[in-house]
Amino acid sequence: MTKLQKDELETIAERRRAKRTDWITVGMGSCGLAAGADAVFRALQDGARERGLELDIRKTGCVGACHAEPLVEVDVQGAPRTLYGHVKPEWVDLILDSHVTLKRVVQRLAVPEIAEQRRTCNDHPQPEANRQFKIVTRNCGLVDPEDLEDYIAFGGYQALRRCLFELSPEEVVEEVESSGLRGRGGAGFSTGLKWRLTREAAGREKFIVCNGDEGDPGAYMDRSVLEGDPFSVIEGMTIAAYAIGANEGYLYIRAEYPLAVARIEAAIRSAKLAGLLGRNILGTDFSLNLEVRLGAGAFVCGEETALIASIEGKRGTPRPRPPYPSVSGLWGGPTCINNVETLANIPPILSNGAQWFRSIGTERSPGTKVFALTGKVRRPGLVEIPMGTPLRVVVEEIGGGALPGRTIKAVQTGGPSGGVIPAALLDTPVTYEDLAELGSMMGSGGMIVMDDEDSIVDITRFYLGFCVEESCGKCAPCRIGGRQMLTILERLAEGRGRPEDLDQLRQISKTMKAASLCGLGKSAPNPVLSTLRFFPEEYQRAISASRSNA
Amino acid sequence: MPAQEKDLAADVALAARKWQKKRGALIMVLHEIQGRLGYVPREIALELSKQMNVPLARIYEVLTFYNFFELEPPAKYVISGCMGTACYLKGTPQILQEFGRLLGIEVGQTTPDGKFSLTTVRCVGCCGQAPVILVNGEVKSKVSPKDVPHILAECTD
Ligand SMILES: Cc1cc2nc3c(=O)[nH]c(=O)nc-3n(C[C@H](O)[C@H](O)[C@H](O)COP(=O)(O)O)c2cc1C
Ligand code: FES
């Protein structure tokens, strides 16, 4: 591809859209591939070739309905667009003969309830009640993540064009500030303000960093976006770099996500070839160089100061803040660190405006949030909902509720730094404030459903064990306190608790929260405190069990 | 120096040169070496220390901090159970126990013939298909302890 100029984006988009009449997509994210999507894709290609069908068969990222993978969507003229689930290679002949050739949908293989849930901001600017609404995952499962022109056809790079040709960097910062977007990596800090601080910090060399470390074990929102729509993250970073005045940036991605890494690296290469990265982007004098750096299996490296040390090639140990990275980050330069999901929100905000974004979600938590809904629900998967949606809608309507014959006990959000919300409080709306009030947190998007089979004490031990293993050992409260709490929780989980254990847990929690160096140690007690608050009877049982044994 | 080792030295030189001009490249070079060899042998670390002009202690400081890096050659078949929350809840511990029982080893160990090792990983991002295990990096989804003999039987050359 030759280097694009400003007006060529529209031409490419139109040419692409005109070509796209009859198409089939196959969800080929990590989850689709694990479920056998590759064989289905090959069967479709072979089948279409044998039949001489003129079809655009595309690989896409995760559609979100991980429970029904492999997913295949068919849209041909003369028949309604249809999504098929749990597709096996043996079904491909039937789908091609009936749906594509005879225009008759194979109803018994279709999954209309999943298709229902896929409202994207590209097609429908406003959310509806009790439904998913996709801003961040707008293209996931639709766009070919390895094809820049396809991204452009879905409206990609219009936002960057608007920024470079119609807005000053200052105006971009203002637009993001007034959108009210808050960081999706966990803490919920104002993205616009972070950009402003980095922009205004003194320093010759500034950096933009995308945090793709996704440390919460049991969550995969960022992976899905990186795999399914890499260009939207790159466009978001490019806009951020323009706004803060950076010409260099890094994507820090977990080594456990090889497909995400490969797709991002390929996307960087094609954006460079097209003049959308590198020198003189879209013919302007703005330049940006992006590189990938791999994580290496350390949870603490998701913490921003540890992440900086790791990109610099060192051990990933955190350091006290201030100075914040926006003042002194990578190699001492002002550095803006944003989460993958935060960045993927940027292009739609700049295309549709801050007011549009504010009209979705709630006053203090505008926009949407992506969750990886897992655990004991019928339909685990990736969901994106407007902020303020009650947890019950996510778990029961979108997730299909409890497994047959079971009842839901609690929902955990925020991973090892979060807390549980008991089933009785499922009407709580999903916002930063409401979740924090219950002693949990929004977190990065893990949402794990537990049912009557699961032991709350055991899960708490599991989370604490995670934090103890991942503690970098630099500060004593986290290193020693975590170890002590784990010993107590192990005892409790085995039904050998002592009466004084609960008070001790509270005491150590207090110290760890107050005195730990970084967020890992400060938040590690959260699951303990939260479960002590809502499920004291399970802890009591763990103690009385030991009494009756004695 | 035997031929094979000479190749290795050349490989290291290549990786080191590729990253030389970049800042903070040590971790990426180590990734590249592990990607090729499956672990980072001591001789290679020594060679790297010379080529990149980084003290050996600093290389080991990094190697030992990050769980991802291996210092010993991997078994022929590395079986890793996902111990992310979603998989844990859906029964990874029971699956690992079954592997351990059939192989006669515990998590973290390798069979005496070097054929199998049993480890854990933290969430590979396929939580929707929990519980998952990896066999040499390939994801097997919705595994139950009943599948274990079959998975082991597939591990033949
Ligand atoms: C122990 C610890 C782990 C973290 N892990 C992640 C992570 O995996 N991904 C992430 O985006 N942020 C993580 N964070 C938050 C980052 O430090 C930082 O706040 C975030 O990347 C900022 O991006 P945002 O403002 O867009 O949310 C973690 C924080 C702590 C204390
Ligand atoms: S918890 Fe196992 S893949 Fe995420």
Check: In deg cm²/dmol, rounded to 500, what helix-only [θ] at 222 nm does chain B give when every DSSP H run of at least 4 residues adds -39500 (n - 2.57) and the total is split over its residues?
Finding: -14000 deg cm²/dmol
Check: Remind me, relative contact order of region A:368-451 in percent, using alpha carbon pairs under 8 angstrom and six or more residues apart?
Finding: 37
Check: How large is log10 I(q)/I(0) at q = 0.14 Å⁻¹ when the Debye formula is applied to the Cα atoms of region A:21-115, each weighted equally and without solvent?
Finding: -0.42
Next item on the list: Measure off, as a whole percent, the carbon and sulfur share of the 1.4 Å-probe accessible area of region A:389-541, all protein chains present.
Entry: 51
Next item on the list: Using only atoms on other chains, find how many Cβ atoms lie within 10 Å of each Cβ of peptide A:368-381 and report the average.
Entry: 3
Item checked: Among A:Val420, A:Leu94, A:Leu53 the positive-end extreme of the charge dipole of chain A (Cβ point charges) -> A:Val420
Next item on the list: Note down the magnitude of the dipole of region B:3-65 about its Cα centre, charges +1 on Lys and Arg C-beta and -1 on Asp and Glu C-beta and zero elsewhere, to the nearest 20 debye.
Entry: 340
Note to self: To make sure I understand the rule: partners must be lysines, Cα under 20 Å from the Cα of A:Lys510, and not fewer than 8 residues away in the same chain. Which ones qualify?
What the structure shows: A:Lys474, A:Lys522
Notebook entry, point to check: Counting Lys and Arg as +1 and Asp and Glu as -1, each charge on the Cβ, what is the dipole of the protein assembly as shown about the Cα centre in debye, to the nearest 20?
Noted result: 1040
Next item on the list: Mind running the shape call on region A:222-309? Use the C-alpha gyration tensor, a ≥ b ≥ c as the square roots of the eigenvalues: rounded below 1.5 for a/c, prolate if a/b tops b/c, oblate otherwise.
Entry: oblate
Checklist line | Accessible area buried at the A-B interface, both sides summed, 1.4 Å probe (Å², nearest 100) | finding: 3600
Check: Running Debye on region A:220-265 with equal point scatterers at the Cα sites and no solvent, what base-10 log of I(q)/I(0) appears at q = 0.24 Å⁻¹?
Finding: -0.85
Checklist line | Placed amide H near A:Phe207: partners under 5 Å, 5+ positions off or other chain | finding: A:Thr335, A:Cys336
Item checked: Heavy-atom accessible area order for A:Arg17, A:Arg483, largest first, 1.4 Å probe -> A:Arg483, A:Arg17
Next item on the list: Of the options A:Ala37, A:Val26, A:Gln126, report the single residue whose Cα projects farthest towards the positive end of the charge dipole of region A:10-164 (beta-carbon charges: Lys, Arg +1; Asp, Glu -1).
Entry: A:Gln126
Next item on the list: Could you check how much of the accessible area of region B:3-65 is carbon and sulfur, as a whole percent, using a 1.4 Å probe?
Entry: 52
Item checked: Accessible heavy-atom area order of A:His99, A:His124, highest first, probe of 1.4 Å -> A:His124, A:His99
Notebook entry, point to check: What spacing in nm lies between the two simple spin-label points modelled at B:Arg101 and A:Leu425, each 7 Å away from Cα in the Cβ direction?
Noted result: 4.0
Notebook entry, point to check: By average Cβ neighbour count within 10 Å, what is the ranking of A:171-184, A:131-144, A:82-95 from highest down?
Noted result: A:131-144, A:171-184, A:82-95
Next item on the list: Compute, for A:Ser548, the solvent-accessible surface of its heavy atoms (probe 1.4 Å) with the complete set of protein chains present, and express it in square angstrom to the nearest 10.
Entry: 90
Check: Quick one, what does Rg over Rh come out to for region A:157-259 if you take C-alpha atoms and the Kirkwood Rh?
Finding: 0.97
Check: Tell me, what is the per residue accessible area of the protein assembly as shown in Å², probe radius 1.4 Å?
Finding: 39
Notebook entry, point to check: How compact and how long is chain B, expressed as Rg and Dmax of its alpha-carbon atoms in Å?
Noted result: 18.1, 52
Next item on the list: Using the structure shown, select from A:Lys376/A:Lys513; A:Lys6/A:Lys194; A:Lys206/A:Lys513; A:Lys206/A:Lys314 the pairs with a Cα to Cα distance greater than 22 angstrom.
Entry: A:Lys376/A:Lys513; A:Lys6/A:Lys194; A:Lys206/A:Lys513
Notebook entry, point to check: Taking a threshold of 28 Å on the Cα-Cα distance, which of the pairs A:Lys3/A:Lys134; B:Lys22/B:Lys50; A:Lys88/A:Lys409; A:Lys3/B:Lys22 fall above it?
Noted result: A:Lys3/A:Lys134; A:Lys88/A:Lys409
Margin query: Would region B:77-154 count as rounded, prolate or oblate if I go by the C-alpha gyration tensor, calling it rounded below 1.5 in a/c and otherwise prolate when a/b exceeds b/c, oblate otherwise?
Written below: prolate
Note to self: Straight-line reach from B:Lys76: which aspartates and glutamates fall under 14 Å, measuring Cα to Cα and dropping same-chain residues less than 8 apart?
What the structure shows: B:Asp113, B:Glu138, B:Glu154, B:Asp157
Margin query: Quick check on region A:315-383: take the gyration tensor over C-alpha atoms, sort the square-rooted eigenvalues as a ≥ b ≥ c, and tell me if it's rounded (a/c under 1.5), prolate or oblate.
Written below: oblate
Checklist line | Extreme residue, positive dipole direction of region B:3-65, given options B:Gly38, B:Met52, B:Ala10 (C-beta unit charges) | finding: B:Met52
Check: Starting at 0 and stepping by 20 Å, how many percent of the alpha carbon pairs of the protein assembly as shown end up in each bin?
Finding: 17, 52, 29, 2
Next item on the list: Please give the net charge around A:Ser168, taking every other residue with its beta carbon less than 13 angstrom from that of A:Ser168, where Lys and Arg add +1 and Asp and Glu add -1.
Entry: -3
Next item on the list: Would you work out the relative contact order for region A:1-103, in percent, from Cα pairs under 8 angstrom that are 6 or more residues apart?
Entry: 30
Check: Can you run phi through the Karplus equation (6.51, -1.76, 1.60; θ = phi - 60°) for region A:156-165 and list ³J(HN,Hα) in whole Hz, with x for Gly and Pro?
Finding: x, 6, 5, 5, 4, 4, 4, 4, 5, 9
Next item on the list: Could you grab the relative contact order for region A:148-356? Cα pairs under 8 Å, six or more apart, rounded to a whole percent.
Entry: 31
Next item on the list: Quick one: which residues, 5+ away or cross-chain, put their amide H under 5 Å from the amide H of B:Thr120? H built at 1.01 Å from N.
Entry: B:Gly81
Note to self: On the principal axes of its Cα set, how long, how wide and how thick is region A:252-378? Give whole Å, largest value first.
What the structure shows: 49, 43, 34
Note to self: Could you compute the net charge surrounding A:Arg184? Neighbours are other residues with a C-beta less than 13 Å from the C-beta of A:Arg184; K and R count +1, D and E count -1.
What the structure shows: -2
Notebook entry, point to check: In peptide A:160-171, what is the residue-averaged number of other protein chain Cβ atoms found within 10 Å of each Cβ?
Noted result: 0
Checklist line | Cα centre as origin, Lys/Arg/Asp/Glu Cβ charges: region A:456-549 dipole, Debye | finding: 280
Next item on the list: Net charge near A:Lys3: determine it from the other residues with C-beta under 15 Å of the C-beta of A:Lys3, scoring Lys and Arg +1 and Asp and Glu -1.
Entry: +1
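The values are calculated or read from the model by the stated rules, or taken from the named source; none is laboratory data. These figures come from a predicted structure and were not determined experimentally. With ideal geometry, Cβ positions are generated from the backbone for all residues, glycine too; neighbour counts draw on all protein chains shown. We work out accessible area using only protein heavy atoms, side chains counted, and drop any ligands, DNA or RNA first. Shrake-Rupley method; radii C 1.70, N 1.55, O 1.52, S 1.80 Å.
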